[in-house]
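After the structure tokens below, expect a handful of questions from me.
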Amino acid sequence: MHKQPPRKLSFYFFVFLCGTGLICLFTYFYFLEDLPNYKSLEKYEPPVVTRIYSADDKLFAEYATEKRIFVPIQEIPPLVVNAFLAVEDKNFYKHKGLDYMGIFRALLSNIHGHLMGKKSLAGGSTITQQVAKNFLLSNEKTLSRKIKEALLAFRIERNFSKKKILELYLNEIYLGNHAYGVASAAQQYFSKTLDELTVAEAAYLATLPKAPNLYSVQKHPEAALARRNWVIQRMLEEHFISLKSSQKALTTPLVCKDYSPTDVIRADHCAELVRQHLYKHYGEDSLYKGGLVIKTTLDSTLQSYARQSLRDGLISYDREAGWRGPVKRISTTNWKEELNKISIPLGVPFWTLAVVLKVESHQVIIGLKKGDFGAIPFDQIKWARKYIPARPDNEESKYPSVGYAPKQPSDVLNEGDVIVVKNIGKTIYSLEQIPEVNGAIIAMNPHTGRILAMEGGFSFARSQYNWVTQAKRQTGSAFKPFVYLAALQSGFTPSSLLQDEPIEVDMGPNLGSWKPGNITERTFGTVTLRTALEQSLNLATVWLTMQMGLDPVREVAQKFAIYDKIPHEMSIVLGSLETTLLRLTRAYAMLANGGHPITPTFIDHIQDRHGQTLFESLPMPSLEFLQDETPIDPDSLTLPQPIVDPVAIYQVLSILQGGVERGAAKNGKVPGYAIAGKTGTSNDYNDAWFIGTTPTLTVGILIGFDKPKSLGRYQTGGRVAAPIFASFMRQALKGKPNAAYPFPENTKMAWASLKTGKVVPPGTPHSTLEIFRNAPPTMTK
């Protein structure tokens with residue numbers, strides 16, 4: 001017979017149970033009143049990244065306080081879910097919020113760790129507890145917080161499904177490198193969507209919740225690999241993957257990509273314009289937490305062409321302007337340490353710094369930041385003629401110039417020179433120089449106003465100043481087409497004869513007189529109106545304006561919204577007023593579309609995180625760059641009437657085509673395509689313009705310095721800006737048909753002499769096919 005336990009012992013045990021129960025009951029009610037409202041999880045909307053796309057769905061910018069992409073649980077692959085369950089909560093589907101065996105194991109581990117002198121404690125928290133802590137509690141390590149966490153875990157399990165709990169956890173968890181949630185982490189570490197992840201990649205993401213920094217591939221590659229392999233083993237033990245899959249995953253190298261939304265397309269100035277617009281109209285929270293989706297008008301292919309053409313053009317001009325010398329000089333005794341103290345200049349990610357270690361007769365030996373060595377052959381140095389700055393006090397040295405071409409490397413470089421270089425071979429480099437000059441390019445659809453490409457400077461990292469929208473510069477001769485448009489509306493024809501002779505203009509009381517001159521410092525006598533515009537003759541333009549008066553010019557400039565204020569001053573016809581590249585390009589686009597008003601637009605539509613449309617662009621006649629959010633009835637829209645005479649516009653476009661074919665704009669020529677274009681050069685050669693268009697694409701270029709100064713004598717729009725335009729257009733138009741402008745009604749065509757303006761037989765040398773509003777001039781004999 002078994003001996004019954006003593007009655008006294010039974011009584012003590014009963015008291016212990018009652019006491020424990022009372023303590024638990026007291027604890028429950030004590031913390032019950034202070035528990036956060038778990039029902040808030042029903043309407044969980046975490047901060048989500050705002051994403052900006054091109055018109056062809058290429059991501060090029062993201063904005064967020066927490067970089068997160070919310071994904072419903074049904075769209076998270078089982079592979080990813082199981083990887084986290086294997087290491088975070090293998091009994092997730094069995095427990096009701098607390099894993100008692102897990103808690104017991106953690107307790108034993110903590111006691112053992114304490115005896116061994118370890119300060120860190122094992123947690124034993126379930127995924128449900130982590131949800132309670134991450135969403136509703138703080139991270140403080142106190143007993144009261146752990147009790148609240150346990151109570152909340154019970155309540156969450158009672159009110160939410162297991163799938164919902166997993167959805168909350170996998171979207172909220174921080175996984176390092178600014179990534180919140182598994183979808184963002186998959187993109188950040190592997191540039192993949194969740195369904196593209198391999199076993200090895202999913203396992204690595206599951207290593208990160210405990211200590212993202214400790215298991216960083218960049219900082220601790222060995223620890224990261226060991227932890228990933230342990231996760232793979234756990235997945236195998238829990239039968240989440242097969243033995244074959246685990247073996248393959250274990251032998252897979254752990255390589256993470258440095259993800260950037262600009263890997264496909266770089267459009268930093270465009271992204272900043274959108275960011276400013278979102279901030280202004282939707283507020284900071286919507287911008288950085290609202291998960292907005294913005295579809296822009298940007299064409300990713302044209303944007304890449306624009307970016308490269310502008311950069312190449314700025315670098316080319318800067319080389320021609322001369323070598324300004326090394327970044328600095330250092331001692332070559334301890335060059336590795338000294339070189340690593342110098343920061344790589346912003347905005348040139350594919351260039352690096354080097355120090356000249358030895359100057360030979362045919363090359364220069366250099367040392368690089370990583371301690372490697374390389375060589376710069378002389379043919380990559382000989383461009384570097386010495387830059388000679390301008391001397392405003394000396395008329396002969398009024399403009400910057402360059403010295404003689406170097407004959408050997410020592411004419412340019414010395415030992416200890418720190419320089420910028422670009423790798424062009426295994427150990428072969430070219431001498432580079434970060435341009436001081438800046439500029440912009442914009443491409444626009446002339447019929448809709450949609451901006452297809454825009455690059456607002458050489459480097460957004462170096463300067464956020466946008467040369468397309470912010471730089472206001474003198475237009476120079478780029479304004480002349482609108483002077484001639486006014487004349488053609490006033491009764492002149494392309495064959496009208498003008499006088500290109502010295503002229504003096506009385507500027508008014510006490511203002512003296514103005515004596516303009518041609519940029520070539522020559523005069524051409526009697527010329528046709530066409531020739532005057534094709535060759536960009538200043539004197540003929542002023543003479544023409546004096547014949548018709550200044551008011552028609554001011555009226556045209558106002559209709560095309562080129563300038564804010566237009567004074568009654570004769571100098572405006574030569575482009576003395578300032579405007580932005582955006583406004584002038586828009587004006588040329590209106591020439592290309594026959595004189596119809598357009599609104600430059602950059603945003604097609606904006607959606608919120610739920611897919612609801614907040615804004616959709618509709619082309620409207622307006623002067624605003626980015627439209628407001630006023631709803632518009634599409635049925636009420638009608639095509640606006642041309643603001644000027646279509647015949648005069650066609651004549652101007654024809655003359656501008658001649659300017660590209662044989663005139664001052666010939667460097668903008670693209671073989672096989674009829675380009676209508678015009679150069680512009682401001683006073684003292686400070687700024688260079690080229691605006692050109694086809695019937696389907698209008699492109700503007702502006703080049704200058706952030707702090708205005710001369711580009712150099714004869715550094716005109718035709719020489720500096722036109723080659724950039726041609727480079728872009730050759731790529732943009734490749735494979736496309738050569739379009740023609742619509743022929744205006746009630747007009748007559750005839751061949752006319754470029755010299756006399758009179759009608760000549762077809763095919764006569766130095767003649768062109770001209771359009772006339774009425775009867776053409778009498779045919780010459």
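The values are calculated or read from the model by the stated rules, or taken from the named source; none is laboratory data. All values reported here derive from a predicted model rather than from experimental measurement. As a convention, Cβ positions derive from the backbone with ideal geometry for all residues, glycine included, and neighbour counts pool all protein chains shown. Surface areas here come from the heavy atoms of the whole protein model, side chains and all, with no ligands, DNA or RNA. Shrake-Rupley method; radii C 1.70, N 1.55, O 1.52, S 1.80 Å.
Just give me the residues in region 228-255 being open to solvent by less than 50 Å² (accessible area, probe 1.4 Å), over 16 Å from residue 217 (Cβ atoms) and of a type in the set (Gly, Ala, Ser), in sequence order.
Passing the criteria: 245, 246.
Can you tell me which residues in region 745-774 are more than 20 Å from residue 532 (Cα to Cα) and either open to solvent by 80 Å² or more (accessible area, probe 1.4 Å) or not in a loop (DSSP other than H, G, I, E, B) (or both)?
At the first step, the residues of region 745-774 found to be more than 20 Å from residue 532 (Cα to Cα) are 745-749, 761-764, 774.
Result: 745, 746, 748, 749, 762, 774.
I would also like to ask the following. Sort out which residues of region 343-362 are open to solvent by less than 40 Å² (accessible area, probe 1.4 Å) and either closer than 13 Å to residue 432 by Cβ or at pLDDT below 95 (or both), and write them in order of number.
First, pick out the residues of region 343-362 that are open to solvent by less than 40 Å² (accessible area, probe 1.4 Å): 345, 347-348, 351-357.
Once the filter is applied, which keeps residues that are open to solvent by less than 40 Å² (accessible area, probe 1.4 Å) and either closer than 13 Å to residue 432 by Cβ or at pLDDT below 95 (or both), region 343-362 yields 345, 347, 348, 351, 352, 353, 354.
Are there helices (runs of 4 or more DSSP H) fully within region 537-607 with at least 1 residues that are modelled with pLDDT under 95, open to solvent by less than 10 Å² (accessible area, probe 1.4 Å) and within 20 Å of residue 508 (Cβ to Cβ)? List them.
Working: elements: 538-548, 551-559, 581-592.
Qualifying helices (runs of 4 or more DSSP H): none found.
Which ones in region 520-536 are part of a loop (DSSP other than H, G, I, E, B) and surrounded by fewer than 19 Cβ atoms within 10 Å (Cβ to Cβ)? Give the derivation first.
At the first step, the residues of region 520-536 found to be part of a loop (DSSP other than H, G, I, E, B) are 520-524, 535-536.
Result: 520, 521, 522, 523, 524.
Please go through region 75-89 and give me each residue that is in a loop (DSSP other than H, G, I, E, B) and either under 17 Å from residue 242 (Cα atoms) or within 40 Å of the chain's Cα centre (by Cα) (or both), ordered by number. Outline the logic, then answer.
Keep residues of region 75-89 that are in a loop (DSSP other than H, G, I, E, B), which gives 76-77, 89.
Across region 75-89, the qualifying residues are 76, 77.
Table: residues versus (1) at pLDDT 95 or above; (2) more than 30 Å from the chain's Cα centre (by Cα).
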site: 317; (1), (2): yes, no
site: 364; (1), (2): yes, yes
site: 380; (1), (2): yes, yes
site: 389; (1), (2): no, yes
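How many residues are without any contact (Cβ under 8 Å) to a residue 60 or more places away in the chain and within 30 Å of residue 266 (Cβ to Cβ) when one looks only at region 338-370?
8
Let me ask something additional. If residue 327 passes every condition in (1) surrounded by 13 or more Cβ atoms within 10 Å (Cβ to Cβ); (2) out of contact with any Pro (no Cβ under 8 Å at 6 or more places or on another chain) but one, which one does it miss?
Every condition holds for residue 327 apart from (2).
Residue-wise test of (1) open to solvent by 30 Å² or more (accessible area, probe 1.4 Å); (2) over 20 Å from residue 460 (Cα atoms); (3) in a helix (DSSP H, G or I).
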{"residue": "219", "(1), (2), (3)": "yes, yes, no"}
{"residue": "226", "(1), (2), (3)": "yes, yes, yes"}
{"residue": "269", "(1), (2), (3)": "no, no, yes"}
{"residue": "275", "(1), (2), (3)": "yes, no, yes"}
{"residue": "279", "(1), (2), (3)": "yes, no, yes"}
{"residue": "282", "(1), (2), (3)": "yes, yes, yes"}
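Applying the selection to region 191-210, what residues are part of a loop (DSSP other than H, G, I, E, B), in contact (Cβ under 8 Å) with a residue 12 or more places away in the chain and open to solvent by 20 Å² or more (accessible area, probe 1.4 Å)?
Within region 191-210, 191, 198, 209 meet the criteria.
Each row is one residue, and each column tells you yes or no for (1) modelled with pLDDT under 80; (2) polar (S, T, N, Q); (3) in contact with a Phe, Trp or Tyr (Cβ under 7 Å, 6 or more places away or on another chain); (4) outside any loop (DSSP other than H, G, I, E, B).
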| site | (1), (2), (3), (4) |
| --- | --- |
| 119 | yes, no, no, no |
| 123 | yes, no, no, no |
| 130 | no, yes, yes, yes |
| 134 | yes, yes, no, yes |
| 146 | yes, no, no, yes |
| 152 | yes, no, yes, yes |
| 156 | no, no, yes, yes |
| 171 | no, yes, yes, yes |
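Looking for whichever is under 13 Å from the mean Cα position of the chain (by Cα) and closer than 29 Å to residue 705 by Cα here; the options are 306, 321. Which one fits?
306
Scan region 448-470 for residues that are open to solvent by 30 Å² or more (accessible area, probe 1.4 Å) and touching a Leu at 6+ places or on another chain (Cβ under 6 Å) and report the count.
3
Do we have any residue at all in region 471-494 that's open to solvent by less than 10 Å² (accessible area, probe 1.4 Å), more than 30 Å from residue 272 (Cα to Cα), in a loop (DSSP other than H, G, I, E, B) and in contact with a Ser or Thr (Cβ under 8 Å, 6 or more places away or on another chain)?
Taking every residue of region 471-494 in turn, at least one turns out to be open to solvent by less than 10 Å² (accessible area, probe 1.4 Å), more than 30 Å from residue 272 (Cα to Cα), in a loop (DSSP other than H, G, I, E, B) and in contact with a Ser or Thr (Cβ under 8 Å, 6 or more places away or on another chain).
Is there a residue being in contact (Cβ under 8 Å) with a residue 60 or more places away in the chain and open to solvent by 60 Å² or more (accessible area, probe 1.4 Å) anywhere in region 415-422?
In the first step, residues of region 415-422 are kept if they are in contact (Cβ under 8 Å) with a residue 60 or more places away in the chain; the result is 415-422.
Right, trim to open to solvent by 60 Å² or more (accessible area, probe 1.4 Å) and you get 415, 422.
Yes: one or more hits.
What is the one condition in (1) more than 35 Å from the chain's Cα centre (by Cα); (2) open to solvent by 40 Å² or more (accessible area, probe 1.4 Å); (3) touching a residue at least 24 places away in the same chain (Cβ under 8 Å) that residue 731 does not satisfy?
(1)
Can you name the residue in region 25-65 that is at pLDDT 85 or above, among the charged types (D, E, K, R) and not in a strand (DSSP E or B) and, of all such residues, is least open to solvent (accessible area, probe 1.4 Å)?
Kept after step one, since they are at pLDDT 85 or above, are these residues of region 25-65: 47-65.
So of that shortlist, the ones also among the charged types (D, E, K, R) come out as 51, 56-58, 62.
If we keep only those that are not in a strand (DSSP E or B) as well, we get 56-58.
Values: 56: 57, 57: 101, 58: 72 Å².
Filtering region 25-65 for residues that are at pLDDT 85 or above, among the charged types (D, E, K, R) and not in a strand (DSSP E or B), the one least open to solvent (accessible area, probe 1.4 Å) comes out as 56.
Scan region 495-510 residue by residue and report those that are of a type in the set (A, V, I, L, M) and open to solvent by less than 60 Å² (accessible area, probe 1.4 Å).
Answer for region 495-510, where residues must be of a type in the set (A, V, I, L, M) and open to solvent by less than 60 Å² (accessible area, probe 1.4 Å): 498, 503, 505.
Further question on the same structure: When residue 462 is evaluated against the numbered criteria (1) in a loop (DSSP other than H, G, I, E, B); (2) under 24 Å from residue 741 (Cα atoms); (3) out of contact with any Pro (no Cβ under 6 Å at 6 or more places or on another chain), which criterion, by number, is the only one it fails?
Here residue 462 meets the rest and fails (2).
Something else: Can you name the condition, by its number, that residue 411 falls short on among (1) free of Cβ contacts under 8 Å to residues at least 60 places away in the same chain; (2) within 28 Å of the chain's Cα centre (by Cα); (3) open to solvent by 40 Å² or more (accessible area, probe 1.4 Å); (4) closer than 19 Å to residue 328 by Cα?
With respect to (1) free of Cβ contacts under 8 Å to residues at least 60 places away in the same chain; (2) within 28 Å of the chain's Cα centre (by Cα); (3) open to solvent by 40 Å² or more (accessible area, probe 1.4 Å); (4) closer than 19 Å to residue 328 by Cα, residue 411 is out only on (2).
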